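Inspection log for the structure reproduced underneath, given as structure tokens.
No value in this document is a laboratory result; all are computed from the given coordinates. Nothing here was measured: the structure is a model prediction, and the numbers come from that model. Note that each Cβ is placed from the backbone with ideal geometry, even for glycine, and that neighbours are counted across all protein chains shown.
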């Protein structure tokens, strides 16, 4: 009896060892074959590839900013804050109403400074609203469950996500809202690049999104690495009891982490609105899940990993459907395939470290 | 007034009655040691003092002030620092970041700098390794770091939990020398140790714990010659 069980275990173990390389070979062959056919057919000119790459960079930078929120909270509480995408959605709405208000008052397009002020205020309002929501989420939905098993706050997060989406639906309606950009940064204007004799538009909103994302990422990196608060965040992430013994207010640091994550999500929401144009109560869901994928791709809990993962995912999503000769509707499928592949081949993510027993 | 006064505390882990009425005092400038076997309640006593575990009954007073209303991090601001059991250094933070965290409760940059000098003087090895990540230090170095980190809070009362655990005998001796040195510079120390012989050799007084109760209390001198202690904890017959 015992030997039979043993041999079976041995055999499945052997087959199991083959599965990973087999999947790897299949995926690699498939990707190379599709790449070859697409490139050989020359169905896309260089201008199209540049266009894809630019849109991927912009999208990726937004994913990166959202992914930072996931990764910061995961790093400190080891929970996935599934409501994070909805925090972003509420930030997007806050920015939308701010711009609407400025437009209604005739201030938005009065002159260049007024346009700049409007956009800056929209960002401040969006970030503040998301910050407050994020702190409230922690207080109401997560803090009471701090000592509960890890699945419990996860379920609470999903509940919070549904709650926020439904509140938004009841408050703002199901209609899609179009962001009112100032005339100077309308979505269809920008610089023109000449690639292979064809024009490629680099929208101002895209550049704004990309640059602002980079600034936010650099700012966050400095905050986490250099400041006293950042060091305290890292200390709390490692060992809460010991951090408290150092005089660190653990609850305060966790609240700060949620505040920072929320503010980042709010900024991402306003960028999304300015660049993509359309927002609705469900707008945070897909970017939220994508950003979560990005965080896992880069190594969840790792700040540079989230940035890298976001950019990589954005570019893959924009370039891969064309590169693999697939319909563009499959971009989400490709993005989530990446998640599956990462989990199979490198569960710790690109820059991730091996999870210690305590965290796993 | 005693620096630390623990009066009849009862602490629980869930339903387990871990401390059954512990009372002890630590006078300013003393080294007091708590000795006892595994599960005697030594660590629990320290956890109850730092507020990580709140006693259900009894009082913990620091210079007459009741500590019960304060959270663990607020108690640090009262001048109590702790070298936790198993060192618990922040493995992913560098040595100097670990020391910064020790000084988290303080604001004066010049005072922090002076204390940093003092810690580096006490443990020159930490200075050599200050940019290294904490997790890469050896056990002895980690103990130095945990001790230095606690000193960075400039505590009036230093709680030390098993500083000798898992260290080679040579290192144990040097750690105990440092403890005496820290004490001479004016820090009161409450030392928990399984290595009772070493602890009693540097302490002024000692308490012997057994299953959550204090069974003996005397000067270190007297405890070293006490028949029960010699048999049970010093391994001398």
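Enter the mean number of other protein chain beta carbons within 10 Å of the beta carbon of each residue in A:232-239, as an integer.
Average neighbour count from other chains, rounded to a whole number: 4.
Using the count of nearby Cβ atoms within 10 Å as a rough guide to exposure, how do B:170, A:224 rank from fewest to most?
Details: B:170 9, A:224 21.
If I rank by nearby Cβ atoms, fewest first, I get B:170, A:224.
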| field | Cα centroid separation - the stretch A:23-37 against the stretch A:150-181, whole Å | value | 38 Å
| said: At R0 = 25 Å, how high is the FRET efficiency between residue B:130 and residue A:146 if r is their beta carbon distance? Nearest 0.05 is fine. | reply: 0.15
| message | Neighbour counts of other C-beta atoms within 10 Å: give me B:149, B:47, B:129 arranged from fewest to most. | response | B:129, B:47, B:149
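For the protein assembly as shown, report the convex hull volume of the alpha-carbon atoms normalised per residue, in Å³, without decimals.
Working: hull volume 132.4 nm³, N = 597.
That works out to 222 Å³ per residue.
Please give the direction-averaged projected area of the C-alpha convex hull for the stretch B:80-154, in square nanometres with one decimal.
The orientation-averaged projected area of the Cα hull of the stretch B:80-154 comes to 4.4 nm².
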| task | Quote the FRET efficiency, to the nearest 0.05, computed for residue A:37 versus residue A:215 with a Förster distance R0 of 35 Å and r equal to the Cβ-Cβ distance. | result | 0.30
| Cβ neighbours within 10 Å from other chains - mean over B:62-74 | 2
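Taking the highest mean first, how do the peptides A:184-196, A:110-122, A:288-300 order by number of other beta carbon atoms within 10 angstrom per residue? Write out the running numbers ahead of the final one.
Values: A:184-196: 13.5, A:110-122: 16.0, A:288-300: 27.8.
So the peptides A:184-196, A:110-122, A:288-300, ranked by packing, come out A:288-300, A:110-122, A:184-196.
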| note | Scattering profile of the stretch B:128-188 from the Debye formula, Cα beads only, expressed as log10 I(q)/I(0) at q = 0.12, 0.15 Å⁻¹, is -0.30, -0.47
| field | Relative contact order of chain A, pairs being alpha-carbon contacts under 8 Å that are 6 or more residues apart, as % | value | 32 percent
| field | Geometric extent, Cα atoms of the stretch A:124-166 - Rg, Dmax (angstrom) | value | 11.5, 36
| query | Averaged over B:148-155, how many beta carbons belonging to a partner chain fall within 10 Å of each residue's beta carbon? | reply | 1
| query | Could you work out the helix-only [θ] at 222 nm for chain B, with each DSSP H run of four or more residues adding -39,500 (n - 2.57) and the total divided by the number of residues, to the nearest 500 deg cm²/dmol? | reply | -10500 deg cm²/dmol
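At a threshold of 8 angstrom on Cα-Cα distance, excluding pairs fewer than six apart, so keeping six or more, what relative contact order does chain B reach in percent?
28 percent
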| said: Using only Cα atoms and rounding to the nearest 10 degrees, what angle (0 to 90) does helix B:109-122 make with the longest principal axis of chain B? | reply: 70 degrees
| field | Per-residue Cβ neighbour rank within 10 angstrom, fewest leading, B:63, A:165, B:185 | value | B:185, B:63, A:165
| Degrees separating the helix B:169-184 axis from the principal Cα axis of chain B, which is the longest one | 90 degrees
| Rounded to the nearest 500, what is chain A's calculated 222 nm mean residue ellipticity when only DSSP H runs of at least 4 contribute -39500 (n - 2.57) each, over all residues? | -25000 deg cm²/dmol
| message | If you fit an axis through the alpha-carbon atoms of helix B:139-151 and take the longest principal axis of the Cα set of chain B, what angle between them do you get, 0 to 90°, nearest 10? | response | 90 degrees
| note | By the mean-Cβ-within-10 Å protection proxy, highest first, A:241-251, A:331-341, B:24-34 rank as A:241-251, B:24-34, A:331-341
| field | Cα-only radius of gyration and Dmax that characterise the stretch A:136-275, units Å | value | 20.5, 65
